[in-house]
Amino acid sequence: MHTAPAVLARARAGRHGNAWIFGTMGLSAAVSLLAAFVLSIDAWHLAANPDQALACDINAVLSCGKVALSWQAKVIGFPNAFIGLACEPVVVTIAVASLGGTRFPRWFMTAAQAVYLVGLLFAYWLFSQSLLVIGAMCPWCLVITVSTTFVFFTLLHANAMQGNLPISAKAQARLREFFEQDLDLFLIATLMVLLAAAIVLKHGYALFGG
């Protein structure tokens with residue numbers, strides 16, 4: 001019969017294995033890909049008819065259409081969702097291949113981490129623009145913000161455990177310890193609470209208005 005501490009120890013150890021890390025990464029990337037696909041379809045509909053109401057236009061605050069028609073939704077000149085359609089399949093491929101035992105070169109994993117850092121910063125910038133400038137929140141964009149956060153940290157988790165990043169041995173040891181102590185879960189939970197709190201504090205009861 002296993003004691004509670006032993007079960008907890010095994011669960012924590014399993015969280016640092018490939019099954020958990022790359023399984024979570026693949027699922028999160030797949031969710032982002034789905035959201036990007038939906039937003040791409042919405043962008044196509046709005047291109048044909050800017051006045052068309054979208055399924056996620058719930059009220060004045062929760063409105064994909066209002067966000068999609070802003071300049072921030074086309075920073076590079078085309079809908080941001082197309083970036084997700086291009087990038088997320090790569091992450092899914094990394095996750096699935098890694099689950100199958102593939103070990104990618106250090107330079108490749110470092111490059112992936114750097115690219116996804118840009119993606120994470122971009123997602124949070126878009127969130128801040130929606131919250132503070134546009135004045136509306138896109139539900140599917142919020143899904144992408146959350147899933148991008150999970151992908152970034154699971155990718156960093158993998159790189160920390162495999163020692164892929166070009167940092168000093170001391171920094172590598174501290175990064176690995178950060179994940180082994182499950183501090184990443186605390187950081188992710190804190191970010192999610194802060195995002196939710198920011199939305200509620202900004203919009204309040206208007207979130208639930210018709």
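Assorted remarks:
- Here Phe78 meets the list (1) part of a loop (DSSP other than H, G, I, E, B); (2) surrounded by 19 or more Cβ atoms within 10 Å (Cβ to Cβ) almost entirely, failing just condition (2).
- For the stretch 164-207, filtered to residues that are touching a residue at least 40 places away in the same chain (Cβ under 8 Å) and over 27 Å from Phe22 (Cβ atoms), the residue that is surrounded by the fewest Cβ atoms within 10 Å (Cβ to Cβ) is Ala206.
- Total residues in the stretch 24-67, condition touching a residue at least 40 places away in the same chain (Cβ under 8 Å) and more than 19 Å from Thr145 (Cβ to Cβ): 2
- Criterion violated by Ala111 - all others in (1) closer than 25 Å to Pro166 by Cα; (2) within 18 Å of the chain's Cα centre (by Cα); (3) at pLDDT below 95; (4) surrounded by fewer than 14 Cβ atoms within 10 Å (Cβ to Cβ) satisfied: (3)
- Residue check for Ser70: more than 30 Å from Arg176 (Cα to Cα), touching a residue at least 40 places away in the same chain (Cβ under 8 Å), surrounded by 19 or more Cβ atoms within 10 Å (Cβ to Cβ) and of a type in the set (Ser, Thr, Tyr): no
- Residue in the stretch 145-163 that is farther than 19 Å from Glu88 by Cβ, surrounded by 13 or more Cβ atoms within 10 Å (Cβ to Cβ) and among the hydrophobic types (A, V, I, L, M, F, W, C) present: yes
- Qualifying residue in the stretch 109-129 (condition: touching a His at 6+ places or on another chain (Cβ under 7 Å) and of a type in the set (A, V, I, L, M)): no
- Considering Ala48, Ala68, the condition of being over 30 Å from Ile167 (Cβ atoms) and over 20 Å from the mean Cα position of the chain (by Cα) is satisfied by Ala48 alone.
The values are calculated or read from the model by the stated rules, or taken from the named source; none is laboratory data. Because the structure is a prediction, the values reported are computed rather than measured. Cβ: placed from backbone, ideal geometry, glycine included. Neighbour counts: every protein chain shown.
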